[in-house]
Every structure is written in C-alpha cells, then in structure tokens.
Ligand SMILES: [Zn+2]
Ligand SMILES: [Zn+2]
C-alpha cells in the first residue's frame, strides 16, 4: 500500500516539477537567490572595509558569505553580523576626537604644581602654597611664563634660563636687577616648565 502511495506521489511530483511554468518559477528563485548571495558578499566586503584598516579582512568577509553557497549564505550573514567589529572606523575616529577634546578641556584647567589647587591664568603666585606661577616682564610689566627666554609682548630678551640668571644674581647681587626681577629667590628652585600655556593678558 505505502509503496503504491509513494509511487503515485512520486509521479505526481515528477509531473508537477516537469511542467514548464513551475520550472520557470524554480529557475527564477534560484537566480534570485544567486543574485542576493552575490550582493550579500559584496555588502560584507564593503561593511568590513568600513570597520577595519586590514586590507585582507574584507575579502575574508566576502568569502564568509560565498563559501556557504547561495542556499545557506543567510547563516553566514547572521554569523558575520555577530562576529564583525562593533564599530565603524568613522565612529572610532569620532569617539577618539571627543575623548581628546575632553582631555584638552581637563588639561586647560590650570592647577598649581605645588599644591594642585586651581589657579587663575593671570596669577603670579599661588595664594595657598606661595609657588611662583608667572613672572612680570621687567620691561613692559606684562605677565610672562617662567620658562620663556624672552618676552612675547615686548621682545625683551631674558637671555638665559633661570639657573644662569640666578648665578649672575649671586655673583653680582647689585648688577642687572632688571634681568632677575620676578625670578624665584636663589634658595628655591625656580620650577619646571609650564605646559599648554596661553599668553596671559597682563596689564
Ligand atoms: Zn599652590
Ligand atoms: Zn615685556
């Protein structure tokens, strides 16, 4: 009985699939799958290209879609979407920019290197720990950085870094007081360089 039934079903299926219209529809479906398969591989190539600078990885991604054949490539697409890098390069770049901007903002807040409290750009001394923050140009009386070798405002040459000026001041205390005006006193270190300084507006 069952063999008869299956034989009948088989012949019915055979005549069904051999009919021209059904064959055309099946061909169309296979053709459609084939096109979508290639398009998916191209999409994976472009997508991986946006996510990595490695020149080989886009080809690997395309192969990941091509290898499972037109009938199983959707599985490859799903797995690819799971394992691909989470961020596009543009997004990574934007995030880095935002982080750098935030960092620059934090660094722009000036703190006293002696006590780490917030100090104003225009202050000469830290009011809490008395660390020298700026000095005054003896020529134009504007604020200049401790590490400047000449005045950015009037061009007065301070000639040498603080250590040499200090040596001069010690060897000849009466001479050239203008050059050492605003320097740290001889017994105390004059301090290191001040980074990210903006020219202070002195008066
Ligand atoms: Zn301080
Ligand atoms: Zn000056």
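Table for the structure above
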{"read-out": "At R0 = 35 Å, FRET efficiency that the Cβ-Cβ distance of residue 38 and residue 18 yields, to 0.05", "value": "0.75"}
{"read-out": "Distance between region 1-68 and region 73-88 - C-alpha centres, whole angstrom", "value": "19 Å"}
{"read-out": "Relative contact order [Cα under 8 Å, 6+ residues apart], region 2-83, whole percent", "value": "23 percent"}
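All of the numbers you see were taken from the coordinates with simple rules; none came from a lab. Predicted, not measured: the structure shown is a model, and the values here were computed from it. Note that we place each Cβ from the backbone using ideal geometry, even for glycine, and neighbour counts take in every protein chain shown.
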